[in-house]
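Below: one structure, written as structure tokens.
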Amino acid sequence: MFTLLIKEIRSFLSSLIGYIAIGVFITGIGTFMWLVPTESAGSNVLENGFANIDPLFILAPWVYLFLIPAITMRSFSEEKKTGTIELLLTRPLTELQIVLAKYFAGVVLVIVSLLPTLIYYYSVHQLGAPKGNIDTGGMWGSYIGLLFLGAGFVAVGTFASAISENQVIAFIMALLLCFITYIGFDFISA
């Protein structure tokens with residue numbers, strides 16, 4: 001199982017699409033957090049007036065709606081399209097181990113995309129007056145929540161990839177299902 005996990009992570013990071021997806025996530029979040037002046041209060045760190053990185057946790061789920069389906073779209077659909085799923089199923093792995101390896105590979109890639117955002121925390125920590133005047137507990141709690149949201153999106157994306165042979169269709173299905181799970185319950189409760 002560990003070998004398949006490493007293979008999935010390497011296959012994502014060996015392609016240019018992996019670095020582009022993570023780079024778009026980091027630069028998109030950074031641009032909206034630090035550079036773009038906005039009308040709504042609290043969406044630009046420098047205009048905010050107090051030390052917090054709430055814009056990261058407001059924007060990241062929306063960027064994850066596109067990033068995570070891009071990460072997971074090829075997990076099973078590429079195996080089916082190239083015919084290597086049969087070869088994978090003949091390995092001494094159970095179906096559960098195969099699914100878990102592909103799922104955990106997606107979660108590891110979400111963690112890899114989140115790690116560079118710790119620079120934003122350090123920057124706001126240094127910019128605070130007095131230095132270090134930031135709600136660290138709330139920030140770590142928000143990071144854990146964002147990690148769980150990403151893990152849920154990976155599960156949905158892996159499911160969409162498992163039921164489709166085409167990567168584009170898997171991406172679109174994962175995008176729609178993630179959107180429904182993220183926003184749909186708000187509409188139901190209203």
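Bear in mind these aren't lab numbers, they're just calculated from the coordinates by the rules spelled out. These numbers were taken from a predicted model, which means no experiment stands behind them. For neighbour counting, all protein chains shown are included, and Cβ atoms are generated from backbone atoms with ideal geometry for every residue, glycine included.
What the table shows:
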quantity	calculated
Within the chain: Cβ-based charge dipole about Cα centre, in debye rounded to nearest 20 (Lys, Arg +1; Asp, Glu -1)	480 debye
Phi to ³J(HN,Hα) by Karplus 6.51 cos²θ - 1.76 cosθ + 1.60 over the range 85-91, Hz, x for Gly, Pro	5, 5, 5, 5, 6, 7, 5
Per residue Cα convex hull volume in Å³ - calculated over the range 2-189	137 Å³
From the C-alpha gyration tensor of the range 67-153, square roots of 5λ in Å	39, 12, 9
Sequence-distant residues sharing a close amide H with F50 (under 5 Å, placed H)	none
At least 24 Å along the helix axis (C-alpha) and Kyte average at least 1.0, DSSP helices within the chain	54-72, 95-114, 136-162, 167-189
Spacing of the two label points (7 Å from each Cα toward its C-beta) at E165 and F2, in nm	3.6 nm
Net lengthening on full extension, Q97/W140 (0.36 nm per residue, minus Cα-Cα)	12.4 nm
Least to most buried among S142, S161, S15 (fewest other Cβ within 10 Å first)	S15, S142, S161
For L93, residues with placed amide H under 5 Å, excluding near neighbours	none
Qualifying aspartates and glutamates (Cα of each under 13 Å from Cα of K102; at least 8 residues distant if same chain)	E8, E78, E79
